[in-house]
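Each reported figure results from applying straightforward, stated rules to the coordinates on display, with no laboratory input. Note that this is a predicted model, so its numbers are computed, not measured. Quick reminder, even Gly has a Cβ in these numbers, built from the backbone with ideal geometry, and neighbours come from all protein chains shown.
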Amino acid sequence: MGRNIDISEQLARNTPQKALLVGVELKETRPLFGVDDSLDELALLARTAGLEVMGRAVQRLSQIHPATLIGSGKLAEIAETLPQIGANLVIFDDELTPRHQRELEKAFGEDVQVIDRSALILDIFAQHARTREGALQVELAQYEYRLPRLTRQWSHLARQVGGGAARGGAAGVGLRGPGETQLEVDRREIRRRISKLKEEIEAVRAHRQRHRAQRTRAGMTTVALAGYTNAGKSTLLNALSGADVYVANQLFATLDPTTRRVELPSGRTVLMSDTVGFIQKLPVTLVAAFRATLEEVIEADLLIHVVDASHPRAWDHADVVEDTLAELEAGRVPKILVLNKIDRGEAVTPHDFHELGYRHVIKTSATEGTGLDDLLSAIEHELMESLTPVSLLIPYSQGEVLSAIYETGVVIDEVHTEQGVKITARIPARLVGSLSQFREVNGEPD
């Protein structure tokens with residue numbers, strides 16, 4: 001991520017990292033987040049990574065400079081400012097091309113690292129991944145991000161030993177220097193590692209699919225929590241399930257999906273999964289790498305979109321999540337919107353979100369337990385709408401079938417007869433076929 005060492009490695013060695021943040025605003029464009037708000041979020045990301053933010057710089061441009069992103073005047077101003085504030089790291093809010101990064105590092109000098117928002121997020125993910133699955137996904141995203149940037153990483157070798165042009169005399173004459181040779185070797189090794197990681201992640205994906213298939217056969221209903229990072233999803237899961245999922249007031253505190261059982265007012269049990277938080281300008285490589293995890297959202301029976309109602313950018317956060325869900329093709333999944341953290345104030349109201357198509361907008365404070373009963377009732381109501389009404393006659397010898405109906409559906413009426421238990425219920429549509437043998441026809445099983 002840096003020239004020779006990652007941020008996380010610097011922190012492990014207690015090497016101080018002091019950062020200057022740089023944002024660019026293009027004239028005649030209207031991004032979802034203004035440059036100042038976006039830099040505020042970048043500062044939170046930097047602090048989450050353990051960095052000390054020393055200052056920020058903003059430039060408004062008509063167009064991006066092809067070599068250095070920012071103009072020469074702003075470049076000189078930043079280069080002069082860095083030693084004055086003691087910063088040894090420059091973080092750009094927008095993604096840098098390999099050329100940008102190379103030219104910026106030349107301009108700022110050997111003692112200054114230059115990274116962008118994507119690299120910072122990748123480093124945070126690397127620090128927070130707790131499971132093997134999470135580590136695999138982060139490593140893949142890091143390698144795919146770094147591969148096109150390897151020229152910068154190895155340019156110092158060519159300078160130290162000398163390239164083909166230096167040895168051969170004339171520029172461009174045929175011998176390749178050791179720096180270029182090392183670069184080619186390194187690229188091959190990274191491509192090999194990327195292929196291996198994709199194979200391992202595909203195995204994880206297949207494993208998840210098998211588990212989902214088992215849950216489907218068992219009739220288990222799944223509910224997924226999604227939302228902008230730090231919206232309070234993990235705290236909400238803890239409050240609803242009595243679990244002990246790791247919680248911290250920082251961005252991306254939880255990466256690895258966590259699933260817990262949650263009991264609804266009727267006694268019905270559902271499986272609820274916490275997922276990785278979304279953020280604006282989320283690196284494409286991360287979305288791709290975490291697809292196996294995000295499939296928990298795509299395949300869920302119900303999606304709970306959690307919004308930090310106290311945040312001044314709550315509406316924009318919700319917009320980012322909606323766009324990401326659309327990108328994941330999760331539009332078919334029924335949704336409930338939760339305005340969380342109302343104990344800290346309310347920057348938005350339920351009315352603000354009706355135009356997004358939500359039938360249920362629930363206000364909660366997961367830390368204080370406010371609104372949780374309303375949320376559980378809304379979950380039950382939304383799931384009930386998706387259930388299929390059936391009338392079944394279950395033999396007494398099929399007690400496990402009866403238990404599955406109680407666990408995954410809603411029993412409206414139960415009558416004990418000589419042949420078995422006559423049940424009128426609503427069950428998940430996917431279970432209807434497997435229970436067709438118990439369907440009543442003129443008072444007898446089909």
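So here's what we get for this one:
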{"quantity": "Cα→Cβ-extended label distance, 7 Å offset, between GLU80 and ASP36, nm", "calculated": "2.4 nm"}
{"quantity": "HIS416 paired with SER195, simple spin-label distance in nm, labels 7 Å along Cα-to-beta-carbon", "calculated": "6.5 nm"}
{"quantity": "Stretch gain in nm, segment ARG132-MET384, where the contour uses 0.36 nm per residue and the Cα spacing is subtracted", "calculated": "87.1 nm"}
{"quantity": "Order by protection proxy (mean Cβ within 10 Å, highest first), peptides 17-29, 130-142", "calculated": "130-142, 17-29"}
{"quantity": "Cα convex hull volume per residue for segment 54-143 (Å³)", "calculated": "111 Å³"}
{"quantity": "Per-pair calculated FRET efficiency, R0 = 56 Å: GLU407 and GLU110 via Cβ, rounded to 0.05", "calculated": "0.35"}
{"quantity": "Compactness relative to 2.2 N^0.38 Å, alpha carbon Rg of segment 220-384", "calculated": "0.93"}
{"quantity": "At most 15 other Cβ within 10 Å, DSSP loop - trypsin sites (Lys or Arg not before Pro), segment 290-361", "calculated": "ARG332, ARG359"}
{"quantity": "Kirkwood Rh and Cα Rg combined as Rg over Rh, evaluated for segment 387-445", "calculated": "0.91"}
{"quantity": "Extension gain (nm, one decimal) between VAL287 and THR29, 0.36 nm per residue minus Cα-Cα", "calculated": "90.4 nm"}
{"quantity": "Convex hull volume per residue for segment 307-428, taking Cα atoms only, in Å³", "calculated": "128 Å³"}
{"quantity": "Spin-label model distance (nm) - ARG210 vs LEU356, 7 Å beyond Cα toward Cβ", "calculated": "3.7 nm"}
{"quantity": "Taking only Cα atoms of segment 335-393, radius of gyration then Dmax in Å", "calculated": "14.4, 52"}
{"quantity": "Ranking of THR408, THR424, THR68, THR229 by count of other Cβ atoms within 10 Å, fewest first", "calculated": "THR424, THR68, THR408, THR229"}
